[in-house]
Every structure is written in C-alpha cells, then in structure tokens.
Amino acid sequence: FAGGFNAKVYQPYDSWEMVQDLQPKGEGDLVFAKGKKVYNDAGCAACHQANGLGTAGLFPPLAGSEWVLAPGPNRIIRIAHHGLEGTIKVKGVDWALAMPSGLTANLSDEDFAALITFIRGNKDWGNNASAVTAAQVRAVLDETKDRTTPWRAEELFAIPEK
C-alpha cells in the first residue's frame, strides 16, 4: 500500500480526490454546478449537446460561439428567454434557426443566471466569458417583458453587447 499513502487521507476515505470532492466549494463552483443542472433539466443539452458542440446542420454550437462569448450577456439572455428564428452566423457558419421561446420561463432569476454563467464560462467547451448575475437577468427580462416573438439576428445586432 505504500504507493498510495497520503498523510491527509484517513478512514473512511480512500483517496485524496475523495477528500477534495467533499470539501466546501466556493460560490462560483456552486453557481456553475447549478447552471449545469439547469442546462440539462431545461432541455438545452438535447439540442446543443452535453459538450456544447450542437448538432451539425440542426443546432449551432455554444462552445466557442461569438454570441455566447460576447463582452456582456445582453444578447444571450434574450436568445435563451425568447428564442431565435431566421438565419444567424455562428463561428462562420450560417444556421437557419427556429429556437422556441419559453424554455426558461419557469426559472428563477438566480437559476437563469446560473444557466448563462455555465454556458459562458464552461472551460471544458473552451468558453471563458464573465459570470452573469440575477440582477443582469432581471434587467433584461424587465426590459423585454412585452416581447412575444423570438429574436432575429438583425434585431440583436442593434442591442449593445454589454
């Protein structure tokens, strides 16, 4: 057993990894974990896949997407909440979309912020954009509360990224 000895590991734990997994996480880790759960539960993974690469010819990637990695979350919050239709360019490829609205309608502002934070900051996907707060989500939702139709790319370009 000498090869696996670590003075910080004792019964009932078997490895340093097990001890680390059980340690309290920082707030950022908790938000990210919550966002991942929301991503799967809200059905985002069904189209955009667990790896964020989307489905060729059907659903665009979120990994490395300029829409996701914009300096601010103003546009991505709108897309996630109201949906998107028409043609949009993602990573140099044109996509003809009909993303439905209402997928985030039952989320709290905190859960919605965690979802967008997970997508924007998912390092496994190569994303490294800033986190999103519940206040940012609430500001966009209040501003667009009367909207009933999905967004089009042309409309989104008129909205500041931050």
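The values are calculated or read from the model by the stated rules, or taken from the named source; none is laboratory data. Here the structure is a predicted model, which is why all the values come from computation and not from measurement. Please note: Cβ atoms are built from the backbone with ideal geometry, for glycine as well, and neighbour counts cover all protein chains shown. Heads up: the accessible areas ignore ligands, DNA and RNA and are worked out on the full protein's heavy atoms, side chains in. Shrake-Rupley method; radii C 1.70, N 1.55, O 1.52, S 1.80 Å.
Here is the figure for the stretch 123-143: residues that are hydroxyl-bearing (Ser, Thr, Tyr) and either more than 20 Å from the chain's Cα centre (by Cα) or under 13 Å from residue 110 (Cα atoms) (or both) total 1. Check the stretch 114-121 and report whether any residue there is more than 11 Å from the chain's Cα centre (by Cα) and not aliphatic (A, V, I, L, M). No, the conditions are met nowhere in the stretch 114-121.
For the stretch 85-102, enumerate the residues that are in contact (Cβ under 8 Å) with a residue 60 or more places away in the chain and touching a helix residue (DSSP H, G or I) at 6+ places or on another chain (Cβ under 8 Å). Listed by number, the residues that qualify are 86, 87, 88, 89.
Of all residues in the stretch 71-85, those satisfying the criterion of being open to solvent by less than 20 Å² (accessible area, probe 1.4 Å) and either of a type outside the set (Val, Ile, Thr) or assigned to a loop (DSSP other than H, G, I, E, B) (or both) are 72, 73, 78, 80, 82, 83, 84.
Applying the set (1) charged (D, E, K, R); (2) more than 30 Å from residue 132 (Cα to Cα); (3) modelled with pLDDT of 85 or more to residue 36 leaves exactly one unmet item: (2).
Of everything in the stretch 51-70 that is of a type in the set (A, V, I, L, M) and open to solvent by 80 Å² or more (accessible area, probe 1.4 Å), the residue that is modelled with the highest pLDDT is 53.
Of the residues in the stretch 91-137, how many are open to solvent by less than 50 Å² (accessible area, probe 1.4 Å) and of a type in the set (Lys, Arg)? Total meeting the criteria: 1. Screening the candidates 135, 139, 70, 114 for the property of being small (Gly, Ala, Ser) and within 17 Å of residue 38 (Cα to Cα) yields one hit, 114.
Within the stretch 85-100, which residues are at pLDDT 95 or above, of a type outside the set (Val, Ile, Thr) and closer than 12 Å to residue 152 by Cβ? 85, 86 - these are the residues of the stretch 85-100 that are at pLDDT 95 or above, of a type outside the set (Val, Ile, Thr) and closer than 12 Å to residue 152 by Cβ. For residue 31, the conditions (1) aliphatic (A, V, I, L, M); (2) outside any helix (DSSP H, G or I); (3) farther than 22 Å from residue 85 by Cβ; (4) open to solvent by less than 70 Å² (accessible area, probe 1.4 Å) all hold with the exception of (2).
Can you find, within the stretch 140-161, the residue that is nearest to residue 98 (Cα to Cα) among those that are in a helix (DSSP H, G or I) and open to solvent by less than 60 Å² (accessible area, probe 1.4 Å)? By that ranking, first place goes to 153. Set side by side, the residues 134, 113, 105, 129 differ, and just one is in contact with a helix residue (DSSP H, G or I) (Cβ under 7 Å, 6 or more places away or on another chain) and within 18 Å of residue 44 (Cα to Cα), which is 113.
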